[in-house]
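To start, the structure under review is shown below, and the notes come after it.
The values are calculated or read from the model by the stated rules, or taken from the named source; none is laboratory data. All of these numbers come straight from a predicted model, not from anything done at the bench. Glycine also receives a Cβ, built like all others from the backbone with ideal geometry; neighbour counts cover every protein chain displayed. Please note that ligands, DNA and RNA were not included when accessible areas were found on the heavy atoms of the full protein model with its side chains. Shrake-Rupley method; radii C 1.70, N 1.55, O 1.52, S 1.80 Å.
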Amino acid sequence: PRTAFGYGRTVVAIDPASKKLLWHYRDEEFLDARAVCMNSSQIFCYCPEKFLACIDAKTGDLLWKNSDAELLEAIGPNERAQHYITGYASTCYMKCSDDYLFFAGPQRDRLVVASAADGRLAWTNPDGNLQLVLRDDAIYAAGSQTAIGMKLDYATGSILANFPARRACT
């Protein structure tokens, strides 16, 4: 992470009108920019195999940091990804809603969902190479060329419907 592109230790908020720095958060560990996302009030960031953290979007204060072994084991290490059919390593692999965080993409071995309240593991799905669309009614997970797509329940991960696989990395 020290020399890898896309890793850093500082998160900042800047007022777009005045260009004034509102706050900054700096961690001792390197954060993966592919795993930074924001909901209506929180910014989430991930340090691979070390922790998941939550920052208050208005103040920049650290709200929580979760390094629970069960969560980190479920997320696992970054897998290799650099192929037109399966996807690319540069793909963002963390998304969020107001209630949950989602780890999925070509570098993920499984879909992992954690609570936005404290980062605790909520549930997993054995297929991780999914492109997620978060809608009000459910999670739409487009499977890879060899896997089915799914409509998933937010709270449980139960499959509500299946649909065809996607073509290549799109």
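Applying 0.36 nm per residue to the separation of Asp56 and Ala33 and subtracting their alpha-carbon distance, the gain on full extension is 6.5 nm. Let's test the formula: R0 of 35 Å, r as the Cβ-Cβ distance of His24 and Ala155. What FRET efficiency results, to the nearest 0.05? Computed FRET efficiency for His24 and Ala155 comes out at 0.50.
The modelled label-to-label distance between Ala147 and Val12, using points 7 Å beyond Cα along the C-beta direction, is 3.7 nm.
Only protein heavy atoms count here; under a 1.4 Å probe, Leu134 has an accessible surface of about 50 Å².
Using the Cβ-Cβ distance between Glu79 and Asp137 with R0 = 25 Å, the FRET efficiency computed as 1/(1 + (r/R0)^6) comes to roughly 0.25. Relative to the Cα centre, the charge distribution of the chain, modelled as +1 at Lys and Arg Cβ and -1 at Asp and Glu Cβ, gives a dipole magnitude of about 640 debye.
Summed over the residues of the chain and divided among them, the accessible surface reaches 54 Å² per residue at a probe radius of 1.4 Å. Packing, as the average of other Cβ atoms within 10 Å across residues, places the peptides 39-52, 68-81 in the order 39-52, 68-81, highest first. For Phe163 and Ser41, the FRET efficiency from 1/(1 + (r/R0)^6), where r spans their Cβ atoms and R0 equals 30 Å, is about 0.40.
Extension gain, Cys92 to Arg110: 0.36 nm times the residue separation minus the Cα-Cα distance gives 5.0 nm.
If you average 1/r over all unlike Cα pairs in the chain and invert the result, what Kirkwood radius do you get in angstrom? One decimal place: 16.6 Å for the Kirkwood radius.
Just need the relative contact order of the chain here, percent rounded to a whole number, with Cα pairs under 8 Å and 6+ apart. Walk me through the intermediate numbers first.
On the way: 396 pairs, mean separation 22.0, N = 170.
Computed value for the chain: 13 percent relative contact order.
Would you mind telling me the share, in percent, of accessible area of the chain contributed by carbon and sulfur at probe 1.4 angstrom? Solvent-exposed carbon and sulfur of the chain make up 52 percent of the total.
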